[in-house]
Structures are given as structure tokens and as C-alpha cells.
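The values are calculated or read from the model by the stated rules, or taken from the named source; none is laboratory data. None of the values given here were measured: they were computed from a predicted structure. Glycine also receives a Cβ, built like all others from the backbone with ideal geometry; neighbour counts cover every protein chain displayed. Note: accessible area is taken over every heavy atom of the protein model, side chains too, but ligands, DNA and RNA are not part of it. Shrake-Rupley method; radii C 1.70, N 1.55, O 1.52, S 1.80 Å.
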Amino acid sequence: MTVLEHKPRAIQKDKKAINTQAKKIDVDRRTYILSFVSYGSGAVMVGAGLRSVLAGSPDLLLTALLFGIAGAFLATMVYYHWSRNIERACLIETVWVGLFVLTLVYHGGYANTALYWVFPFPAVLFGMLGTRNALIGNGLIMAGLAMLLFASEHIRAEYREEEIGRFYISLLVVVVASWMNEYYRQRSHDEMSELQATREQQANTDPLTLLPNRRFIDAEFAHNLAQKPDDFLPLGVVMCDLDHFKQLNDQFGHQTGDHVLRQAAQRFRQTLRRQDIACRTGGEEFLMFLPDTDLADALTVAEKVRRHLASTPFVVRGEAHQITASFGVAVCHNVEKLEAAVEAADQALYRSKLGGRDQVT
């Protein structure tokens, strides 16, 4: 059982949370690309359209295409700001991009230079759609271009035969290079997210017992308690200390002591409820949090754990030994009083030791 399995959902900062943050960053990235294409390309198209109008005797089809697609790009941004649906907005933008590319190549553009304006768009599609969808989108555009260029007698533009072949091969190279770039970017992104999740888990986990550690209490538990107090309060707080652990270490050595600590952690997992959290705070000391638990129930849970430890022998160098523990119990009713509750549980633990150990106070 891993430490993440031993935490309630309300306080997990696991792979799901990190992936959620990663997705948010990816949405921001795609939004910036969508904005650049809509506003940047739209502005260039409006500028080209105005130049055509001001030059006199404008090409009406080309002018209508430039102003029309610029308006469509702007409308897509309006839709995105209204819906906040980045997936659909990018798909809509892709349709406009495909329509623009195919119509421009059909027309030829200003001075028959349409082919030069196609090259930026494969990378744009990969940035907006991701590897799979962009590959489909680019494939459809490439198929449309093939139908136009290799049956050029049916289009308005006049391209040289050698120009068509070199353009198409060059564009295919751009599509493949863009696919490779996006594929390995996404792969690297996923691996970094996985690595971050692993590091986060390791930083919050005691490597010996695989229980949450003190950093988890300070960095995660206290934060989540403050964010969602209703999920935790009243909160039972239990301090636990293995009895005469120093004598065990002195007699059998630290390696044996570490083995006992691992056995104790396993017993906590077996005895505590699913929503409860056992943490190792140092040495033979443990701190347990029992969400939605009053004082009477917290004492009952602590007594259950105590009896289980006392009645289940610990294996030390192949022999069974009885190892007991002392417990101190308190309850936290207020987020600001967590530290005070932990201190109260520690004082109660001290009284258990003075009272003869192997008891709950």
C-alpha cells in the first residue's frame, strides 16, 4: 500500500492534481496560439486587403477572402471568450485556416505568391490541436492541396509544374517536422509531469515506513484543513510513541529497530479507518489525524490501535516479541487551533508514559 492510498481524497496532491495544473498550462499555451493566429494573421490579412483596395481595381475574390477570413478569426476569438471552450474554438479556427489555405491556393494570391503563405499553418495546427487531431487536419489540407495543384487546369492560379512538386514536398517535410516537434514536446511534458508527481510524493513520504512525514503535515494537511474545514472538523489528533524503543535499538541494533518501525506502520494501516491518516514525525513517534471524529470516538480508535499493537507480536530476528505503545488523544474544533491540539495530544501522551505506558490518555 502506498502513502497516497493512505490519504483521503480531500488532501491528496497526487498525479491527478499535478495533471490538472499541467492541463491548465496547456490550455493557456493553446489560447496564446489561438490569439496569435486570430489577431496576428487577421491583422496581416486586413492590411493586405486594404492595400488591394487602395491600389485601385482590387481583385474582389482575394479582397473578400482576406476580409472574410480575418472576420472569421475575430469571430472565433469572440466565441472563445464567451464559451471558454478552447477545444471547440481551436477546431473552428482550423476550419477557417483550411478554407483560407485552399481558397488562396486556388486563387493564387497577390502576384501568384499564395504557396509561400501556406508553410506557417501546419505548425499552427499542431500547436492548437495536438498531435493526433493536427495530423488529421493537416492530412485533409494536404489532400485538398493535392487535388488543386495536380489538377491545376481547374484552378485560377498559374503555377509552374516544377514549383508545384517542390512546394508539395517541402510542405510535407514541414508537416512531418511539426508532428515530430509536437509529439516529443507532449511526451516530454508528460514525463516531466510524472517526474514532478513522483518527487512530490517522495518529498511528503517517510522513506522507511512509507507513511506521510512532517513535511506532508506542514505543506499539505494544514493547507487542506484551512481550505475545507468541514471535511475534517472535529478532528481527532492522536500522538503515539513506541514504548522502550531505545532499549530495543541498543539491544538488537538500528536495523532491527527500522524493521519494527515498518511493522508498526503496517499495523496502523491495518487498524485505522480509510479516512484516517498516520504520519511518522520522527524516531519512534507517530501522529494520527482522524477526520470527523469527536473525543470519545478518537479515544476508541486509539485504544483499538493500542490493543492491536500489544496483541500482535513483532518479529525481531526471527523471534516474536511484544512491543507496546503509548497514546495521547486530543480534538481540534477550529482550524487555527491545530497546533494547540497537537500540543494537547503530546501532553496526554506524556501522561500515558508517566502512568505506566501501554495506555491511552
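Order 184, 32, 159 by their accessible area, 1.4 angstrom probe, all chains in place, largest first.
Correct descending sequence by accessible area is 32, 184, 159.
Can you say what percent of the DSSP beta bridges in the chain, counting only those with both residues inside, are antiparallel? Round to 5.
95 percent
Under 10 Å, Cα contacts only: if you run a Gaussian network model on the chain, which one of 56, 109, 47 comes out with the highest mean-square fluctuation?
Largest GNM mean-square fluctuation: 56.
Express the relative contact order of segment 231-361 as a whole percentage, based on alpha carbon pairs under 8 Å and six or more residues apart in sequence. Intermediate results must be reported in sequence, preceding the final value.
Details: 243 pairs, mean separation 45.6, N = 131.
Worked out over segment 231-361, it gives 35 percent.
Taking the chain as a Gaussian network, Cα atoms linked when under 10 Å apart, which of 251, 263, 186 shows the biggest mean-square fluctuation?
Highest fluctuation among the options: 251.
Once both axes come from the Cα atoms, what is the angle between helix 295-311 and the longest principal axis of the chain, in degrees from 0 to 90, rounded to 10?
On a 0 to 90 degree scale, this one is about 70.
Over segment 139-278, what is the relative contact order in whole percent, taking alpha-carbon pairs under 8 Å and six or more residues apart?
15 percent
Report the charge-dipole magnitude of the chain in Debye, nearest 20, computed about the Cα centre from +1 at each Lys and Arg Cβ and -1 at each Asp and Glu Cβ.
240 debye
Given a Förster distance of 22 angstrom, what is the FRET efficiency for residue 340 paired with residue 307, based on the Cβ-Cβ distance and rounded to 0.05?
With R0 = 22 Å, the Cβ-Cβ based efficiency is 0.20.
Ranked from the most accessible area to the least, with a 1.4 Å probe and all protein chains present, what is the order of 101, 335, 44? Before the final figure, lay out the partial values.
On the way: 101 5, 335 40, 44 80 Å².
The ranking, largest first, comes out as 44, 335, 101.
Rounded to the nearest percent, how much of the accessible area of the chain (1.4 Å probe, protein heavy atoms only) is carbon and sulfur?
The C+S portion of the solvent-accessible surface of the chain is 57 percent.
Compute the signed sum of charges (Lys and Arg +1, Asp and Glu -1) over the other residues within less than 14 Å, Cβ to Cβ, of residue 181.
With Lys, Arg at +1 and Asp, Glu at -1, the neighbours total +2.
Tell me the relative contact order for the chain as a rounded percent, counting alpha carbon contacts under 8 Å between residues six or more apart.
Relative contact order for the chain comes out at 16 percent.
To the nearest 500 deg cm²/dmol, what mean residue ellipticity at 222 nm is calculated for the chain from DSSP H runs of n ≥ 4 alone, each contributing -39,500 (n - 2.57), summed and divided by the residues?
-20500 deg cm²/dmol
Enter the Cα centre distance for the pair segment 27-73 and segment 316-361, rounded to the nearest angstrom.
Taking the Cα centre of segment 316-361 as reference, the centre of segment 27-73 is 71 Å away.
How would 338, 34 rank on accessible area, largest to smallest, probe 1.4 Å? Don't jump to the answer; show the numbers that get you there.
Details: 338 25, 34 0 Å².
Sorted by accessible area, descending: 338, 34.
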